[in-house]
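Note sheet for the following structure.
Since every read-out is calculated from the coordinates, none of them should be taken as a lab result. Because the structure is predicted, anything quoted here is derived from the model rather than measured. Cβ sites come from the backbone with ideal geometry, for glycine too, and all protein chains shown count toward neighbours.
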Amino acid sequence: MKKYVTKKIVAAHLYPSPFTNESRMLREFDTLRKYKVVDRVIVVAAREKGLQDYEEMSDAFIHVYRFSKGYSKPNCSILLKLIGFIVWSLKVITFLNSKQDIGIVQCHSFSVLPIGIAYKLKAGIRVIYDAHELESEKAGNGIFRRVLYRQIERVLLKKVDEVWVVSDAIKNWYKSVQRVDTKVVYNYPYSSSRFSKTTNRVDLRKIFNISKTPLLFLYQGVLCKGRGVERIIQWFRRVNPKDAHVVFLGDGPIGNVVKIAADRYDNIHFHKAVPPNNLMNYTATADVGLSFIEPVSLSYRYCLPNKLFEYLHAGIGIWASDLPEMRKVIREVRNGILLDPNIETAEAANLIKSTTIEEVANWKEASRRLRYKYTWEREEKKVINAYNKYM
């Protein structure tokens, strides 16, 4: 791919959480740096204990600024959270106004979209809305909140220059409900040619003293409600350690649930999250990756998780929920099984116990054969073209 050269300018990315290892954003930043689309990236994020208020990454190409939201306890009242977010937003706007070289703002959440629009109206810059999920339809949003979010978003979208989404189903929803055209920028990993060699792999079997005979299943990603974590624990409680083990690799709100299960059952294991650039070295040592999303919201029903493609690029089999977007991938690649989101625990456990080494070998081969179709190298052209168009 040829290099794209534009005038040197800053891209500001607004993110309402602490910025650490967000893989989608890091891939976008890497593309902007590699093709010299912008001079540097500013990430405006939320302060978190243990993280620096100012941090430089990627040889000072990425500058992260974290501002306090004013509250520290996750279970504080909605009113305190609202006040804290308003204070944080004012800090962000003041910060943006102090910069003279920002040419484009990318909003990574619905909540920061008003900030991006406000800055656009003042500074005359461009705004990209990079929707990581279908935010108005997230789990926990009641009818009133969903309707309110849709109406506010509809107004704000009129001022946005471009909208990015992560799946075709979400693109179709925006076209049907919000009457707006969007661009799908898939959460594909880099091609396997960038994947570390076999000698650098970290063998999960050795870490947890698992013999070669049992099948090794892997769940990687955020440990939270709606991702099937507790359901998967129930499945493996019914499985003999001689038949199969599962490793949960990640952190999150229900991490303690996994840790308790790991202490109690010999075939359930917990491993803390690892940096994205080293993740594949762990993933590739499993047999089957689990992406069991529960359709508790429209956002989850239409999702296309990072982990699905990480498993594929690692060359392992995949068991995924039978939901629209994941169904398309599994049926095309034929590298695993689609699970009914309402599958009974006993049925899932029996399926685990009846899976053969030959089936797993076929799934792995299918993943290796077709993973070239799902690469970030194909997606990054969309990022480059958008930035060149609007700057």
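Taking 17 Å as the straight-line reach from the Cα of K389, the lysines in range (excluding those fewer than 8 positions away in the same chain) are K2, K3, K7, K8, K36, K120, K159, K183, K381.
The charge dipole of the chain, taken about its Cα centre with unit charges on the Cβ atoms of Lys, Arg (+1), Asp and Glu (-1) only, comes to about 920 debye.
Simple rule: put +1 on each Lys or Arg Cβ and -1 on each Asp or Glu Cβ in region 322-384, find the dipole, and look at T345, T356, V329; the Cα lying farthest toward the positive end is V329.
Could you line up K307, K225, K389 from fewest to most neighbouring Cβ atoms inside 10 Å?
Result, fewest neighbours first: K389, K225, K307.
On a C-alpha basis, how far is the centre of region 39-100 from the centre of region 283-332 in Å? Whole number, if you could? Their Cα centres are 32 Å away from one another.
How high is the relative contact order of the chain? Use alpha-carbon pairs under 8 Å, at least six apart in sequence, and give a whole percent. Can you show the working numbers first?
Working: 698 pairs, mean separation 57.1, N = 391.
Answer for the chain is 15 percent.
Relative to the longest principal Cα axis of the chain, at what angle does helix 23-34 sit, 0 to 90 degrees, rounded to 10? Helix 23-34 sits at roughly 60 degrees to that axis.
Rounded to the nearest 20 debye, what is the charge dipole size of region 78-146 about its Cα centre when +1 sits on each Lys and Arg Cβ and -1 on each Asp and Glu Cβ? Let's see the in-between values first.
Details: 9 positive and 5 negative charges, 46 e Å.
That gives a dipole near 220 debye.
For a test of the definition: using alpha carbon positions, the gyration tensor, and the 1.5 limit on a/c, classify region 14-129 as rounded, prolate or oblate. Judged from the Cα gyration tensor, region 14-129 comes out oblate (a/c at least 1.5, b/c at or above a/b). The lysine pair count for region 192-373, using Cα distances under 19 Å and pairs eight or more places apart or on different chains, is 21.
Could you order the peptides 41-47, 78-84 from most to least packed, using the average number of other C-beta atoms within 10 Å per residue? Walk me through the numbers on the way to the answer.
Numbers: 41-47: 21.1, 78-84: 12.3.
Going by the mean number of other Cβ atoms within 10 Å, highest first, we get 41-47, 78-84.
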